[in-house]
Each structure stands twice: as C-alpha cells, then as structure tokens.
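Colleague: Please find one structure pasted underneath; my questions will follow.
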There are 2 protein chains.
Amino acid sequence: MTDPKASAIQVPPAEQAGRFARAREVQSRALLEDYVELIGDLITAHGEARVADIAERMGVAHPTATKTVARLKREGLATSRPYRGVFLTEEGARLAESVRSRHRTVVDLLVALGVPAEHAERDAEGIEHHVSQRTLRAFEAFLTKSETQPQS
Amino acid sequence: MTDPKASAIQVPPAEQAGRFARAREVQSRALLEDYVELIGDLITAHGEARVADIAERMGVAHPTATKTVARLKREGLATSRPYRGVFLTEEGARLAESVRSRHRTVVDLLVALGVPAEHAERDAEGIEHHVSQRTLRAFEAFLTKSETQPQS
DNA sequence: CCATAAAATTAGCCATGGCTATATCTTGCG
DNA sequence: CGCAAGATATAGCCATGGCTAATTTTATGG
C-alpha cells in the first residue's frame, strides 16, 4: 500500500511532468490503435473494411472516419484507393495484432479480478492504451498463475 | 480467458460504438481530473496553487494552464481571482479526493501484480481515468484479499 | 443502359488543448 | 517609494477530432 500522505507533490516536478507528457503521447496514439484494430477485425470478418462500417462501429460520422483513415495512411498503417475499401499495411497488421492481444489480456485481467464482462469490455477500451509492455507482462504472469491455481 | 477467435466484430455495432463513445467521454474529463488533483496537492503542500507551479508540474506552458483553469472555473470546480492563486470549490475538492484515492488504488493494484513502482506510477496516470466505480471496487477487493493472504 | 440509391469524398465549421509573443499586474529591493 | 523582475493574463496561431452539408463516384435494378 502506498502511503496515503505521499501526495504526488513529493516527486520532482520534472518527473511528474514527464508522466503527464507520456499520458498525452499515449492518448495521441490511442485513436490510431483503435482504428487499426477495428479495420483488422472487419477485414477478418468481411474480407474488407468499408468506411461506413468503420464509422458505424467507432460511433462517429462517416467523414470523421474518412479523415482518420487519411491519417492512418499518412502514418503508413493503412492503404486505400478512392471509393474503395481500407486495408492494412504490414506494419498496420502487426500493430492490429498486438493491440488485439493486449486488449484481450486487459479484459481477461479485469474479469479475473471479478469485474463483470460488460464492464470489463467498456473499461478496457480506455485502459488498454496506457498499459506498457512491462505492465502487460505482469498481467500475463498473473493470469497464468490464476489458471494454474484458480482461487483461494 | 476470452475466446481468441471472438473478435469485437461479434458484438453489435451500436454496442461497440457505445464503448468508444464512453472512452471519448472519459477522455474529455481526464484533464479536469488531473488538474483538480494537482491543485489539491499543491494547496495541501503550499497552502495555495500558483499557475506557474501547475504548469510546471503538468508539463505545459503557463498560458495552457491558465486556459485550463478557466475551464475548471466554468465547470464549477475551481475559483480564482486575477493574478492570485487557484483554489478548489467544494465540488472540486470532493473530486480531487476521489481522484486521488482512485489513483492510489490503481497504483497499488499494479504494484500488487508485480509492476515496478515507477512503471506503475506512469501507467496509472493514464489508466485511472478509465477505471469505473465497479472496476475500482474489484481492485479494492483484490487488494484487501492480498493483504490478508499475501501470496501463493 | 440508364436512373437512382448508396457510399465515399470534400469543404468548411466548432471546441479542445497545445504553443509563442505580448501586455499587464504584483512584489520586493535598493 | 519607485522600478525591475517575476507572475499572470491575453491574443492569436496550429493540429486534432468531432460535426453537417454538398459533391462525386460506384453499384444496382428496371
């Protein structure tokens, strides 16, 4: 248990600023990650990802999806020709897979801790992006242990 | 363990859209929460929260802090008079306390799962905002259990 | 094979949350 | 007590990620 008295003020300003900077940076990648994961899922399910479907599932208007897909292309994660479906580059596909895997791990962890499935899904959607490699490994280790040794 | 084959595509579009909408909504509150928590910490430590200190610790330029404080005031979370320090309203203080408590719980959980302290702090900064009441309760329950019954 | 429906794009608006440069207020020191 | 330094505020810029409205392209059914 951390000391309740130990407010964040105890840490040097620069270090605290760095944490916030990291969180902002993660946030700017989160949208890309969500799109890439979704596009991957749509391709798996339907053979292609149409802008209308992306928009519907992201819960945004079509032009918003078009705009974000343009950003994906700029970043080398996706490809598309005008009025055609969207596809992932190799890099995009790799990212999609790692995002999907991390997402699953986060949901599994929450469920293992006793969070009801629907809550776990909703919370995971936001949490996952902030889970670092190191933390992800800890989650996986815990899940492995829980399997072997169900509960107390 | 969730079924690896069960991609998000299995869930109805509207439900998936709702999850993303929730994550976006959380995101828009996250900044306010961070500021309110920091202002609370600064007041506890120094008796007041100066814009320069807020900016330094948030890792942003002074005008950015000023602008966000204005938003805090608009939302009824803080008060301030020109060229004077920033203070929290009752509602702001309540929010600060609940954010601080949730932050501590998230860090404690990560540490309990074996994440090194500094990593836990960094990841928690982003994760905490997406942890719902329900999930928070599960974290607390797990931590209580771990205390009683240290490890396997 | 063409007309219409459906899908995608483009244009242009808004709020947020960064920034720099400039102006104004407070404060402390000589 | 007045002025320079430091703190705060204001103005105005940029990118992101939403939106609606209008346009263009593709696909389909009669």
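Colleague: Quick one: in region B:44-55, which of the residues that are more than 10 Å from chain A (Cβ to nearest Cβ) and of a type in the set (V, I, T) is least open to solvent (accessible area, probe 1.4 Å)? Quick ask: steps written out before the conclusion?
Modeller: So in region B:44-55, the residues more than 10 Å from chain A (Cβ to nearest Cβ) come out as B:47-52, B:54.
Adding the requirement that they be of a type in the set (V, I, T) leaves B:51, B:54.
Details: B:V51: 43, B:I54: 0 Å².
Checked region B:44-55; the qualifying residue least open to solvent (accessible area, probe 1.4 Å) is B:I54.
Colleague: Additional query: Within region A:103-113, is there a residue that is touching a residue at least 40 places away in the same chain (Cβ under 8 Å), more than 7 Å from chain B (Cβ to nearest Cβ) and more than 19 Å from B:F142 (Cα to Cα)?
Modeller: Here is the first cut: in region A:103-113, the residues touching a residue at least 40 places away in the same chain (Cβ under 8 Å) are A:103.
Now drop any that are not more than 7 Å from chain B (Cβ to nearest Cβ), which leaves A:103.
Next cut, more than 19 Å from B:F142 (Cα to Cα) only: A:103.
Within region A:103-113, one or more residues are touching a residue at least 40 places away in the same chain (Cβ under 8 Å), more than 7 Å from chain B (Cβ to nearest Cβ) and more than 19 Å from B:F142 (Cα to Cα).
Colleague: Sticking with this one: Which residues, counting only those in region B:44-53, are near DNA strand D (Cβ under 8 Å from one of its atoms) and in a helix (DSSP H, G or I)?
Modeller: Residues of region B:44-53 that are near DNA strand D (Cβ under 8 Å from one of its atoms), as a first pass: B:50-53.
The answer is B:V51, B:A52, B:D53.
Colleague: Consider B:L72 carefully, then state whether it is in contact with an Asp or Glu (Cβ under 7 Å, 6 or more places away or on another chain), over 29 Å from A:L110 (Cβ atoms) and hydrophobic (A, V, I, L, M, F, W, C). Show your work before the answer.
Modeller: Details: in contact with an Asp or Glu (Cβ under 7 Å, 6 or more places away or on another chain): no; over 29 Å from A:L110 (Cβ atoms): yes; hydrophobic (A, V, I, L, M, F, W, C): yes.
When the stated conditions are applied, B:L72 does not pass them.
Colleague: Return a yes/no flag: does region B:74-86 have any residue that is buried (at least 18 other Cβ atoms within 10 Å of the Cβ) and within 14 Å of chain A (Cβ to nearest Cβ).
Modeller: No: region B:74-86 contains no residue that is buried (at least 18 other Cβ atoms within 10 Å of the Cβ) and within 14 Å of chain A (Cβ to nearest Cβ).
Colleague: Checking A:H129 against (1) away from DNA strand C (no atom under 16 Å from the Cβ); (2) under 30 Å from B:A112 (Cβ atoms); (3) open to solvent by less than 30 Å² (accessible area, probe 1.4 Å); (4) in contact (Cβ under 8 Å) with a residue 12 or more places away in the chain, which test does it fail?
Modeller: (1)
Colleague: List pairs: first residue in region A:79-91 and touching a residue at least 60 places away in the same chain (Cβ under 8 Å), second residue of a type in the set (A, V, I, L, M, F, W, C) and more than 15 Å from DNA strand C (Cβ to nearest atom) anywhere in the structure, Cβ distance under 7 angstrom, at least six positions apart or on different chains.
Modeller: Pairs that qualify, where the first residue is touching a residue at least 60 places away in the same chain (Cβ under 8 Å) and the partner is of a type in the set (A, V, I, L, M, F, W, C) and more than 15 Å from DNA strand C (Cβ to nearest atom): there are none.
Here's the yes/no breakdown for (1) open to solvent by less than 50 Å² (accessible area, probe 1.4 Å); (2) more than 10 Å from chain B (Cβ to nearest Cβ); (3) closer than 22 Å to B:R19 by Cβ; (4) in a helix (DSSP H, G or I):
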residue: A:G18; (1), (2), (3), (4): yes, no, no, yes
residue: A:L32; (1), (2), (3), (4): yes, yes, yes, yes
residue: A:V36; (1), (2), (3), (4): yes, yes, yes, yes
residue: A:R57; (1), (2), (3), (4): yes, no, yes, yes
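Colleague: Name every residue in region B:59-73 that is within 8 Å of DNA strand D (Cβ to nearest atom), open to solvent by less than 30 Å² (accessible area, probe 1.4 Å) and farther than 23 Å from B:R122 by Cα, in order of residue number.
Modeller: B:V69
The values are calculated or read from the model by the stated rules, or taken from the named source; none is laboratory data. Since this is a predicted model, take the numbers as computed values, not measurements. Note that each Cβ is placed from the backbone with ideal geometry, even for glycine, and that neighbours are counted across all protein chains shown. All accessible areas refer to the heavy atoms of the entire protein, side chains included, with ligands and DNA or RNA removed. Shrake-Rupley method; radii C 1.70, N 1.55, O 1.52, S 1.80 Å.
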